[in-house]
Amino acid sequence: MEIYPENNSVVKLNIICVAYERPIPLRILIDSFMVQTNPFWSLRIIHDGPASEKIKQIMALPEYKDNRIRFTETPKRSGKWGHPNRQLGLGELAYSHRDFVLITNDDNYYVPEFVDQMLQAAKNQVGMVYCDTVHNYLKYAVLSSELKVDRIDMGSFIVRVDIAKKVGFINMEMNADGYYAVRCAAYCKKMNLKIKAIRRPIFVHN
């Protein structure tokens, strides 16, 4: 993943995406970031185990030869809902009190203004920003996100890198989305950092 120097004044979004053998959704996810109105993002895709030729062909496309995109495969599949690979991605990030991280999956996608709106909201002592979600589990109705275990999706919030690294994914169970969000929020409050909500569905859980 591209590491940005701490003395750079631009706030950036590091995206960690766990993937497993969904070539078409993965391409849609990547394309949703390629058309973002804010260019200050980097995308780290971690495939859970060796990838198929279809996945490799997609990642070899000329339009994805962008230094903001990095793709790797783990030697073997870990399963466990992708948590070991999420932890791997967090471990690779440089410690930062300024930049943010988004953890997502290969079947999600984002509106073109997602990065810009989230980072705009993240200014001035903000540690976490979350948005509403168009959710397929609700037949593509809007989920009004809340900082509760069963009311927020992993891909709908960004957290300051230092906080995300403190929370991590060690010993996380299946329903880690909400627990990770709640724990990140608790750290924000402990550090007197603000939490902001964007009451627009700018993320689609597919």
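Output the residues belonging to the range 109-126 that are touching a Phe, Trp or Tyr at 6+ places or on another chain (Cβ under 7 Å) and either closer than 20 Å to V182 by Cβ or surrounded by fewer than 19 Cβ atoms within 10 Å (Cβ to Cβ) (or both).
A122
How about the range 1-110: which strands (runs of 3 or more DSSP E) wholly inside it have at least 2 residues that are over 13 Å from the mean Cα position of the chain (by Cα) and not aromatic (F, W, Y)?
69-73
Since I46 meets every condition but one in (1) surrounded by fewer than 18 Cβ atoms within 10 Å (Cβ to Cβ); (2) under 24 Å from V167 (Cα atoms); (3) of a type in the set (V, I, T), which condition does it not meet?
(1)
Going by the structure shown, is A176 modelled with pLDDT of 95 or more, over 25 Å from M34 (Cβ atoms) and either among the polar types (S, T, N, Q) or buried (at least 20 other Cβ atoms within 10 Å of the Cβ) (or both)? Outline the logic, then answer.
Details: modelled with pLDDT of 95 or more: no; over 25 Å from M34 (Cβ atoms): yes; either among the polar types (S, T, N, Q) or buried (at least 20 other Cβ atoms within 10 Å of the Cβ) (or both): yes.
No.
I want to confirm something. Restricting to the range 76-108 and keeping residues that are buried (at least 23 other Cβ atoms within 10 Å of the Cβ) and of a type in the set (D, E, K, R), which single residue is nearest to D31 (Cα to Cα)?
Filtering first and then ranking leaves D106.
Quick one: in the range 141-163, of everything that is basic (K, R) and over 17 Å from H97 (Cα atoms), which residue is surrounded by the fewest Cβ atoms within 10 Å (Cβ to Cβ)?
Within the range 141-163, the first condition is being basic (K, R), and the residues that meet it are 148, 151, 160.
If we keep only those that are over 17 Å from H97 (Cα atoms) as well, we get 148, 151.
On the way: K148: 11, R151: 15.
Step by step, filter the range 141-163, then rank; the result is K148.
Run down R70, R44 and say which single residue is more than 23 Å from Y180 (Cα to Cα) and touching a Lys or Arg at 6+ places or on another chain (Cβ under 7 Å). Reasoning before the result, please.
On the way: R44 fails: more than 23 Å from Y180 (Cα to Cα).
The conditions single out R70.
Would you check which residues across the range 186-206 are surrounded by 14 or more Cβ atoms within 10 Å (Cβ to Cβ) and on the phi > 0 side of the Ramachandran plot and list them?
Once the filter is applied, which keeps residues that are surrounded by 14 or more Cβ atoms within 10 Å (Cβ to Cβ) and on the phi > 0 side of the Ramachandran plot, the range 186-206 yields nothing.
The values are calculated or read from the model by the stated rules, or taken from the named source; none is laboratory data. The structure presented is a predicted model; accordingly, all values stated were derived computationally and were not measured. Here Cβ is always computed from backbone atoms with ideal geometry, including for glycine, and neighbour counts include all displayed protein chains.
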